[in-house]
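Visitor: Sending over a structure as structure tokens; questions will come in a sec.
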Amino acid sequence: MLGALALFATHGKAHAAPEPLLNAGEAVLRAHQLFSSNAHSSADIRRLQELAQQSNGHPLHEYVESWALRTRLSNAPNVGDDERSALFDEIALWLQQHPGSLAAELLRRDWLLKLGEAEAWPLFDAQLAQWTLNDEPDVRCYALLSRYQKEAAGQAAAPELMPVALLAREPLLSQHPLGPGCIALTRALVSAGLVPRDVLWQRLRLLSEGNYGTAMRHVAEHLSEPVQPALDQIIKSAAHWLAHHPATVRDATDQELLVLALVRMAPGAPEVAAAQADSALFKQLTPAQQAYVWSRIALSAARELKPAALAWFDRAQALAAQSAQNTMPPLQFADEVYEWHARTALRAQDWDAVRRSIERMPASLQSEHAWIYWLGRAYQAQGMADKARAQYMRLALQYTFYAKLAQEELGLNIVTPPRAAAPTAEEIQAAEDSPHFRRALAFYQLDLIMEAKREWNWGCRGLNDRQLLAAADLASRHEILDRSINAAERTRLEHDFALRFPSPHRALMQEQASRLNLDSATIYGLIRQESRFAQIAQSSAGAHGLMQLMPHTAHWVAQKLGLKDYRKRDLSEVETNIVLGTNYFRMVLDDLDQSVVLASAAYNAGPRRSRDWRASLKAPVEGAIFAETIPFSETRDYVKQVLSNAVDYAALWEGKPQSIKARLGTIAPKDAGGTDLP
């Protein structure tokens, strides 16, 4: 009997009945599941082709067709040349039939990667010329490899302005591991002797900064020097390798290995690394190498909010100047080094050091809003009023966090701009007729949120202010507030802050704010930053709902409130999420002396970190300085955005000028003790 059942099971599997026909929406969902599985058997490919037929007439039909083609493309190495050639012809025809669509661009990207891998350059170059997505580093590397091989063979039509080897430095000098296309480009250029030794060592430094040990080993294979054993030891334990190093530097390779060892040692132990860098051994390095080492030590110390970082940054700058005097190439520090030099000076409230550190920044950094404002403040502190005003005026017509601070320095009112005229019926109809927005709304109906956002953003490209406002209105009427905000905040001259700063669930929020003595504008500012009012939002870390609460935090708050019937599934329900989130924020505010800056930092990074950052202060600082010097990039940006949002909400509701400085307040040192808040 068992044998008969087994035989029947095998027979059933081999001759499975065809899957039932689905309606168009169900076909799209099933196709998406198959495409996303990454396990693409021949049966999957056949089923996707069937689903493409069943989805005919649905707004997302072309996506299903593209998923079927992309799945077949991923399986292309497993088929014969004739079948692959036929597939390529089919893809080319499909792309011609769907010009300008995101589905086509994603398919073209996959095809370009396959063509580059196969070094099918004529077809690759033809498709590259039509590709507008331009979001894949490996495609750019394959493009450089194509150009290099044609130049090497004397087939280039005309010499380019910049050699491939120089253009290739952008991916080569990335801080992240390379993909297949960039690895292929690197190998070709190294084999031809077109990648100087110093570039390979520079890449090793960057990978060391990012703690990418495996990628470091791959780069070391391209070096002529036998560095692998020493590099393996440094990756395993830089301190152990240094402890057994001789008292003298042996050669240029040894110099570079010493640099790598200290770069790996600095995070978490900047004082130990500084003691090593001050030893006789490391003084045998070149001034440029010493400058780089001290910049990384200072950076690590700055991120840990250690006051010694400022002196170490200055030491790095002095050594860099010395290296320039020795006719060596001028040393360019990483952007983060310049930024943290300025932040450390800000925390110390050393305005001369703030000015000097910002003036040394590359022009691209100096043009960022933060450094425009802080350079203005440094000028102002040193009595250069006209120069300060010129800096503030560069920001005065913007709506960012630092623009608001600059407006206050100029004595201008922080108010919402005049509301643009509502979109006309014709403008709204044009938005409704947009195939991009129709596809985005269809994705939302199927709860395919990531795809919906991507299609919506694609549809917003190149729109003018009137078209963007119509798109924002369309999304708002469909209660897709995150995309409404996305479209509304792209406008350049005509603005509607009611669309940029929506306030759903107002009655519930006002009730909670009143009961807990909370500022509604701050809570809305926080929610806008957390979820942009997407009720089903869930972060990669597992936070849920409008106020993005972690399940364990929500459970803790529910226990404190005595909510005996609370279940984790309730966290995505609007009222429960708001009740728990507002109560938690109230607890955090009480724990942190009613400082919105500290409380918003705590809401994002945890109360313990917020208390520790405050405890590390040596003197009171204004809230803007505290916000700018938060060690975590995400939390630093989060706090600034929450405060900026709160000001905009208050200005929108109250119709009168606001002060962001009043909301920021002053942060004074205090020991890190506090309650047991999660």
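Please treat every number below as a calculation from the coordinates, not as lab data. None of the values given here were measured: they were computed from a predicted structure. Positions of Cβ are backbone-derived with ideal geometry, glycine not excepted, and every protein chain shown enters the neighbour counts.
Visitor: Using r as the Cβ-Cβ distance of VAL272 and GLN149, and R0 as 51 Å, what FRET efficiency do you calculate, to the nearest 0.05?
Guide: Working: r = 48 Å, r/R0 = 0.94.
So, using R0 = 51 Å, E works out to roughly 0.60.
Visitor: Which part of the range 630-669 falls in the paramagnetic zone of ASN413, meaning amide N under 18 Å from the point 7 Å along Cα-to-beta-carbon?
Guide: What the label zone holds, given the 18 Å backbone N cut-off, is 647-662.
Visitor: Pop a pseudo-label 7 angstrom from the Cα along the beta-carbon direction at both ARG169 and GLN97 and give the gap in nm to one decimal.
Guide: According to this spin-label approximation, the distance is 4.7 nm.
Visitor: Could you go through the range 401-416 in sequence order and give the Karplus-derived ³J(HN,Hα) for each residue, using 6.51 cos²θ - 1.76 cosθ + 1.60 with θ = phi - 60°, rounded to whole Hz, and x for Gly and Pro?
Guide: Listing the rounded values in order: 3, 6, 5, 5, 4, 5, 4, 5, 5, 7, x, 8, 7, 8, 9, 6 Hz.
Visitor: First measure r as the distance between the Cβ atoms of GLU494 and ARG389, then evaluate 1/(1 + (r/R0)^6) with R0 = 22 Å and state the FRET efficiency to the nearest 0.05. Mind dumping the intermediate values first?
Guide: Values: r = 28 Å, r/R0 = 1.28.
It comes to 0.20.
Visitor: Tell me what the chain gives for mean residue ellipticity at 222 nm when only DSSP H runs of n ≥ 4 count, each as -39,500 (n - 2.57), the sum divided by the residue total, rounded to 500 deg cm²/dmol. Kindly include the intermediate steps, with their values, before the conclusion.
Guide: Working: 40 runs with 440 residues, N = 678.
The helix contribution divided over the chain gives -19500 deg cm²/dmol.
Visitor: Just want the answer: with Cβ charges of +1 for Lys and Arg and -1 for Asp and Glu, which residue in ILE428, GLY525, VAL621 is farthest toward the dipole's positive end in the chain?
Guide: VAL621
Visitor: Hey, can you rank 204-213, 130-139 by average C-beta count inside 10 Å, highest first?
Guide: On the way: 204-213: 19.1, 130-139: 15.5.
Going from most to least packed, we get 204-213, 130-139.
Visitor: Continuing with the same structure: For SER659 and ALA126, what is the calculated FRET efficiency with R₀ set at 45 Å and r taken between the beta-carbons, to the nearest 0.05? Walk me through the numbers before you get to the answer.
Guide: Numbers: r = 58 Å, r/R0 = 1.29.
My answer for the efficiency is 0.20.
Visitor: How far apart, in nm, are the 7 Å Cα→Cβ label points at GLU304 and SER514?
Guide: Those two pseudo-labels are separated by 5.1 nm.
Visitor: For the chain, what's the relative contact order in percent, using C-alpha pairs closer than 8 Å and at least 6 residues apart?
Guide: Numbers: 847 pairs, mean separation 48.6, N = 678.
About 7 percent, as a whole number.
Visitor: Going by average Cβ neighbours within 10 Å, how do the peptides 364-372, 102-110 rank, with the highest at the top?
Guide: Details: 364-372: 16.2, 102-110: 21.3.
Put in order of decreasing packing, that is 102-110, 364-372.
Visitor: Beta carbons within 10 angstrom, averaged per residue: use that to sort the peptides 65-74, 45-54, highest first.
Guide: Details: 65-74: 22.2, 45-54: 18.5.
Order by mean packing, descending: 65-74, 45-54.
Visitor: Which whole-Hz ³J(HN,Hα) couplings does the range 143-149 yield from phi under the Karplus relation 6.51 cos²θ - 1.76 cosθ + 1.60, θ = phi - 60°, glycine and proline marked x?
Guide: So the Karplus estimates, Gly and Pro as x, are 4, 5, 5, 4, 5, 4, 5 Hz.
Visitor: If contacts are Cα pairs under 8 angstrom and at least 6 residues apart, what is the relative contact order of the range 393-471 in percent? The partial results should precede the final answer.
Guide: On the way: 54 pairs, mean separation 18.7, N = 79.
This gives 24 percent for the range 393-471.
Visitor: While we're on this one: Which trypsin sites (Lys or Arg not before Pro) in the range 508-592 pass both tests, a DSSP loop state and at most 13 other beta-carbon atoms within 10 Å?
Guide: Numbers: sites: ARG515, ARG528, ARG532, LYS560, LYS564, ARG567, LYS568, ARG569, ARG586; in loops: ARG532, LYS564, ARG567.
The qualifying sites are LYS564, ARG567.
Visitor: Summing Lys, Arg as +1 and Asp, Glu as -1, what charge do residues with Cβ under 12 Å from the Cβ of ALA421 carry, ALA421 excluded?
Guide: Working: positive: ARG419, ARG466; negative: GLU427, ASP465, ASP473, GLU494, ASP496.
Net local charge, ALA421 excluded: -3.
Visitor: Also, quick follow-up: Hey, can you grab everything whose amide H is under 5 Å from the amide H of MET384? Only 5+ residues off in sequence or another chain; H modelled, so Pro and N-termini drop out.
Guide: Placed amide hydrogens put nothing under 5 Å from MET384.
Visitor: How far, in nm, would the chain grow between ASP447 and HIS218 when pulled straight, counting 0.36 nm per residue and subtracting the alpha carbon separation? Mind showing how you got there, number by number?
Guide: Values: separation 229, 0.36 × 229 = 82.44 nm, distance 4.13 nm.
The span from ASP447 to HIS218 would gain 78.3 nm if fully extended.
Visitor: Determine which aspartates and glutamates satisfy two conditions relative to LYS560: a Cα distance under 18 Å, and not lying fewer than 8 residues away in the same chain.
Guide: Reachable aspartates and glutamates: ASP570, GLU575, ASP590, ASP591, ASP676.
Visitor: Distance from the Cα centre of the range 467-533 to that of the range 161-228, in angstrom?
Guide: 46
Visitor: Net charge near LEU664: determine it from the other residues with C-beta under 11 Å of the C-beta of LEU664, scoring Lys and Arg +1 and Asp and Glu -1. Please report the intermediate quantities before stating the final value.
Guide: Details: positive: LYS404, LYS640, LYS661, ARG663; negative: GLU408, GLU622, GLU628.
Here the charged neighbours net out to +1.
Visitor: Going by amide H atoms built from the backbone, whose H comes under 5 Å of the H on THR666, apart from near neighbours?
Guide: Placed amide hydrogens put GLY623 under 5 Å from THR666.
Visitor: Note down the nm distance, to one decimal, between modelled labels 7 Å out along Cα→Cβ at ASN23 and at HIS245.
Guide: Taking the two extended label points, one gets 6.9 nm.
Visitor: Here's another thing I want to ask about it. Tell me, what ³J(HN,Hα) does each residue in the range 489-505 have, in order and in whole Hz, if you take phi through Karplus 6.51 cos²θ - 1.76 cosθ + 1.60 with θ = phi - 60° and put x for Gly and Pro?
Guide: In residue order, the calculated couplings are 7, 8, 5, 10, 10, 9, 10, 10, 6, 5, 7, 5, 10, x, 9, x, 6 Hz.
Visitor: Quick one: compute the contact order of the range 292-450, relative version, from alpha carbon pairs under 8 angstrom and 6+ residues apart, as a percent.
Guide: For the range 292-450, the relative contact order is 12 percent.
Visitor: What does the charge dipole of the chain about its Cα centre add up to, to the nearest 20 debye, if the Cβ of each Lys and Arg holds +1 and the Cβ of each Asp and Glu holds -1?
Guide: Details: 70 positive and 77 negative charges, 299 e Å.
For the chain, the charge dipole is close to 1440 debye.
Visitor: Okay, next question. What does the charge count near HIS505 come to, summing +1 for each Lys or Arg and -1 for each Asp or Glu among other residues with Cβ under 13 Å from its Cβ?
Guide: Numbers: positive: ARG506, ARG528; negative: GLU479, GLU511, GLU573, GLU575.
So the environment of HIS505 carries a net charge of -2.
Visitor: With unit charges on the beta carbon (Lys/Arg positive, Asp/Glu negative), name the residue among LEU643, LEU571, GLN559 whose Cα is farthest towards the positive pole of the charge dipole of the range 558-657.
Guide: GLN559
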